[in-house]
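The structure appears below as structure tokens.
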Amino acid sequence: MALLTREDLLLLFMEEAAEVTKAASKCLRFGYDCNFPGYGVNHQVLATKLGQLLAVADALDLDNATVELGREHKMMPKRHGVPD
């Protein structure tokens, strides 16, 4: 099997990010614990899609320190007037 190029990985990342968005939308629209035949339980599908996104992110070989800073910054309480 051929190695994926950076461009291939970025395309996969975008596709998986869209799948995460779709799964999160279903959680909001139909309920977090809703079980659709042939789809699954919404929050479990969300977790699976997130795992697939993270797998592609790992393959992109991003700087882990920068990723962690981004995670920490995102979850910090917002300060009035400070842009994200």
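The values are calculated or read from the model by the stated rules, or taken from the named source; none is laboratory data. Worth saying up front: this structure is predicted, and the values here are computed from it rather than measured. Neighbour counts are summed over all protein chains in view; Cβ atoms, including those assigned to glycine, are modelled from backbone coordinates with ideal geometry.
Note down all Cβ pairs under 9 Å where the first residue falls in region 7-27 and is under 22 Å from N42 (Cβ atoms), the second is among the charged types (D, E, K, R) and surrounded by fewer than 15 Cβ atoms within 10 Å (Cβ to Cβ), and they're at least six residues apart or on different chains. So the pair list comes out as C27/D33. Any residue in region 32-41 that is among the hydrophobic types (A, V, I, L, M, F, W, C) and surrounded by 14 or more Cβ atoms within 10 Å (Cβ to Cβ)? Yes, some residue in region 32-41 is among the hydrophobic types (A, V, I, L, M, F, W, C) and surrounded by 14 or more Cβ atoms within 10 Å (Cβ to Cβ). Evaluated against (1) at pLDDT 90 or above; (2) at positive phi; (3) surrounded by fewer than 12 Cβ atoms within 10 Å (Cβ to Cβ), H73 falls short on exactly one condition, (2). Of the residues that make up region 59-69, is at least one modelled with pLDDT of 95 or more, surrounded by 12 or more Cβ atoms within 10 Å (Cβ to Cβ) and of a type outside the set (A, V, I, L, M, F, W, C)? No, because not a single residue in region 59-69 is modelled with pLDDT of 95 or more, surrounded by 12 or more Cβ atoms within 10 Å (Cβ to Cβ) and of a type outside the set (A, V, I, L, M, F, W, C). Could you tell me whether any residue of region 9-29 is surrounded by 13 or more Cβ atoms within 10 Å (Cβ to Cβ) and touching a His at 6+ places or on another chain (Cβ under 7 Å)? There is at least one residue in region 9-29 that is surrounded by 13 or more Cβ atoms within 10 Å (Cβ to Cβ) and touching a His at 6+ places or on another chain (Cβ under 7 Å). Among the conditions (1) at pLDDT below 95; (2) in contact with a Leu (Cβ under 7 Å, 6 or more places away or on another chain), the only one that V56 does not satisfy is (1).
State whether the residues of region 49-56 include one that is of a type in the set (S, T, N, Q), surrounded by 11 or more Cβ atoms within 10 Å (Cβ to Cβ) and on the phi < 0 side of the Ramachandran plot. So far as region 49-56 goes, yes, one or more of its residues are of a type in the set (S, T, N, Q), surrounded by 11 or more Cβ atoms within 10 Å (Cβ to Cβ) and on the phi < 0 side of the Ramachandran plot.
Of all residue pairs spaced 6 or more apart or on separate chains, those with beta-carbon atoms under 8 Å, a first member in region 33-48 that is among the acidic types (D, E) and a second member that is surrounded by 15 or more Cβ atoms within 10 Å (Cβ to Cβ) and outside any strand (DSSP E or B) are D33/N42; D33/H43. Taking the chain and the helices (runs of 4 or more DSSP H) fully enclosed by it, the elements with 3 or more residues that are more than 14 Å from the chain's Cα centre (by Cα) are at 6-30, 64-75.
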